[in-house]
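All remarks here apply to the structure that follows.
Laboratory data are not the source of any read-out in this text; all were calculated from the coordinates shown. Just so you know, these numbers come straight off a predicted model, no measurement behind them. Note that we place each Cβ from the backbone using ideal geometry, even for glycine, and neighbour counts take in every protein chain shown.
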């Protein structure tokens, strides 16, 4: 059975809350802040705890910030398109974040964190040429990777078509769009679609969006980090839905 590593306080706490049975063991540096409380929770769930020094954690983390604790666990399998369709069918006004070829695991994790905070049902990514849930992505997600389903799909264009069949309005974000995000209708079933860090939305992805919009930027910068753009779009949707 495949095992993975989760690093940092938020990631480990999320595992304790969502799936303590999937935790295999946790390495903790006793001198690290907040680890005593987490160790008590782990031992209450019968999870083996090994006390190690900071150098041992650093070696195991391979450069990822760990905040004094690293968990070995059995990850949940990503959901597929059928699972996503089943999930959407159970909600009247779903919000989904679709990421077209995000290759930086920090950005994937940050996008998942924003999506979870905004109440999105899932994040959708293509199987190929995209970042997966690595320890770096899980660390950046700050626990969101354990709370929010990640749908990994073989064909993103086909998946966008399936979202339309489920009644979702597909809004793609691109700097070249004439229409502003703030002019768009965000209050119904919605898929927000963002492109890769360098190339943006691919042509086929753009063609499977119902509407293309941009985020107005009156300042000197021409673009935003994809995770920042995702956060802006997600919480504009939250604002519109709250007002409605």
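Numerical summary
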read-out: Among residues of the stretch 153-178, those that are more than 30 Å from residue 219 (Cα to Cα), touching a helix residue (DSSP H, G or I) at 6+ places or on another chain (Cβ under 9 Å) and surrounded by fewer than 20 Cβ atoms within 10 Å (Cβ to Cβ), counted; value: 8
read-out: Members of the stretch 201-226 that are under 16 Å from residue 113 (Cβ atoms) and touching a strand residue (DSSP E or B) at 6+ places or on another chain (Cβ under 9 Å); value: 226
read-out: Criterion violated by residue 231 - all others in (1) free of Cβ contacts under 8 Å to residues at least 40 places away in the same chain; (2) closer than 17 Å to residue 118 by Cβ; (3) outside any loop (DSSP other than H, G, I, E, B); (4) in contact with a helix residue (DSSP H, G or I) (Cβ under 8 Å, 6 or more places away or on another chain) satisfied; value: (1)
read-out: Qualifying residue in the stretch 42-64 (condition: touching a residue at least 60 places away in the same chain (Cβ under 8 Å) and within 30 Å of residue 168 (Cα to Cα)); value: no
read-out: Boolean, residue 80 is farther than 20 Å from residue 17 by Cβ, surrounded by 12 or more Cβ atoms within 10 Å (Cβ to Cβ) and within 24 Å of the chain's Cα centre (by Cα); value: yes
